[in-house]
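In what follows, a structure is listed as structure tokens, so that the remarks can point back to it.
The values are calculated or read from the model by the stated rules, or taken from the named source; none is laboratory data. What you see is a predicted model; the values in this text were computed from it and never measured. A quick note on method: Cβ atoms are made from the backbone with ideal geometry, for glycine too, and the neighbour counts reach across all protein chains shown. Heavy atoms of the whole protein, side chains included, go into the accessibility calculation; ligands, DNA and RNA do not. Shrake-Rupley method; radii C 1.70, N 1.55, O 1.52, S 1.80 Å.
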Amino acid sequence: MDRISVFGLALGLAAIVGGQVLEGGHVSSLLQPTAFFIVIGGTLGAVMLQSPLRIFVDGVRMARWVFVPPVTNPSRMIDQVVNWGQIARKDGLLVLENHIGSLPDPFMRKGLQLLVDGVDPVRLREVLEVEIDAWEARMRQSTRIWEAAGGYAPTIGILGAVMGLIHVMENLSDPSRLGAGIAVAFVATIYGVGFANLVFLPIAKKLAAQIGVLVTQREMFVDGIVGIANGENPRIIASRMQGYVV
């Protein structure tokens, strides 16, 4: 669990609600189901319109990374690659074929298989870097649905406010209802701006950071197995891989 994400979201919501209370307002005045439906429904529809189904679904699934980031263990990976290097120098590359099935990551299985197959180190790096680039491009495209939501939400919020004001104008004959009606109308703007800046855009930035970590880990892995293919000393390989760890 990424505790800072949980704390940050809770703090942002508490600041808004607390400010409303300190100003003498009521929390219930911020709870408007109609405004919520307009903003969230309109934003969701706009994002779905601009995104292919696969990209949209992947982006929604990745949202869990904000609170439960993917597990990364660079130290374990370095130890694993160093162990492979020692085995390769002692018994040859073909012995490493026994380790392929135990790897949970398809990318690592592919890299080790290419290494066992005796692929030229230069070609090995090229093949794996192309796969990294393609994977990164796909992941970043999925995160952009949250950036898009952050762009659409404030505008949809303004649309909701205008719709609310239209309703107010229809009731000008009853001045006692105007103040409350206008307040309700502008709640949609609060929802639009609030969701964009407290939820959608922060999620997009957090996911981009997580993707960067995963890409770095894959690049570190590639550097390690290319070192094995070149017959480098495992200590040199470990030292170079350590340079990727921040």
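For LEU9, LEU214, LEU53, LEU22, give the ranking by accessible area with the largest first, probe 1.4 Å. Don't jump to the answer; show the numbers that get you there.
Working: LEU9 65, LEU214 25, LEU53 135, LEU22 155 Å².
Descending order: LEU22, LEU53, LEU9, LEU214.
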Problem - Mean ellipticity per residue at 222 nm, deg cm²/dmol - from DSSP H runs of n ≥ 4 across the chain, formula -39500 (n - 2.57) - result: -25500 deg cm²/dmol
Handout entry: 11 Å reach of a label modelled at VAL68, 7 Å along Cα-to-Cβ, counting backbone N of the range 1-35
Key = 1-2
Fill in the blank from the handout: Accessible-area order for PHE56, PHE107, PHE36, largest to smallest, probe 1.4 angstrom, reads PHE36, PHE56, PHE107
Completion exercise
The simple spin-label model distance between GLN20 and ASN83, using points 7 Å out along Cα→Cβ, in nm, is 5.4 nm
Problem - aspartates and glutamates with Cα under 18 Å of LYS205, excluding same-chain neighbours fewer than 8 positions away - result: ASP2, ASP58, GLU136, GLU147
Fill in the blank from the handout: Shape descriptor, the range 2-64: equivalent ellipsoid semi-axes (Cα gyration tensor, sqrt 5λ, whole Å, largest first) stand at 30, 19, 6
Handout entry: Base-10 log of normalised Debye intensity for the range 87-211 (one unit scatterer per alpha-carbon) at q = 0.09, 0.18, 0.19, 0.22 Å⁻¹
Key = -0.53, -0.95, -0.99, -1.12
Fill in the blank from the handout: Between ASN230 and VAL213, the two model label points (7 Å from Cα along the beta-carbon direction) sit apart by a distance in nm of 2.9 nm
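Rounded to the nearest 0.05, what FRET efficiency do SER173 and LEU11 have when you use their Cβ-Cβ distance and R0 = 41 Å? Display every interim value, and only then the final one.
Values: r = 44 Å, r/R0 = 1.07.
Rounded to the nearest 0.05, the efficiency is 0.40.
Express the carbon and sulfur contribution to the solvent-accessible surface of the chain as a percent, rounded to the nearest whole number, probe 1.4 angstrom. Please list the in-between numbers first.
Values: 8910 of 14010 Å².
Of the solvent-accessible surface of the chain, carbon and sulfur hold 64 percent.
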Exercise for the section: Assuming R0 = 51 Å, can you tell me the calculated FRET efficiency for the pair SER75 and ILE166, based on Cβ-Cβ distance, to the nearest 0.05? Expected result: 0.25
Practice task
Apply 1/(1 + (r/R0)^6) to the Cβ-Cβ distance of ASP133 and LEU94, taking R0 = 45 Å, and write down the FRET efficiency to the nearest 0.05.
Solution key: 0.95
Fill in the blank from the handout: Each label sits 7 Å from Cα toward the beta-carbon; between ARG123 and LEU53 the label points are separated, in nm, by 3.9 nm
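What is the packing order of peptides 117-123, 183-189, taking the mean over residues of other C-beta atoms within 10 Å and listing the highest first?
On the way: 117-123: 12.3, 183-189: 19.9.
Going from most to least packed, we get 183-189, 117-123.
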Practice task
Evaluate the charge dipole of the chain about its Cα centre and quote only its size in Debye, nearest 20, assuming +1 on the Cβ of each Lys and Arg and -1 on the Cβ of each Asp and Glu.
Solution key: 260 debye
Completion exercise
Residues other than PRO70 with Cβ under 13 Å of its Cβ, Lys/Arg counted +1 and Asp/Glu -1, net out at +2
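How many percent of the alpha carbon pairs in the range 60-118 exceed a separation of 12 Å?
Details: 1235 of 1711 pairs.
Distances greater than 12 Å cover 72 percent of the Cα pairs.
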Practice task
Determine the per residue accessible area of the chain with all protein chains present and a 1.4 angstrom probe, expressed in square angstrom.
Solution key: 57 Å²
Exercise for the section: With a 1.4 Å probe and every protein chain left in place, tell me how much accessible area GLU97 has, in Å² to the nearest 10. Expected result: 100 Å²
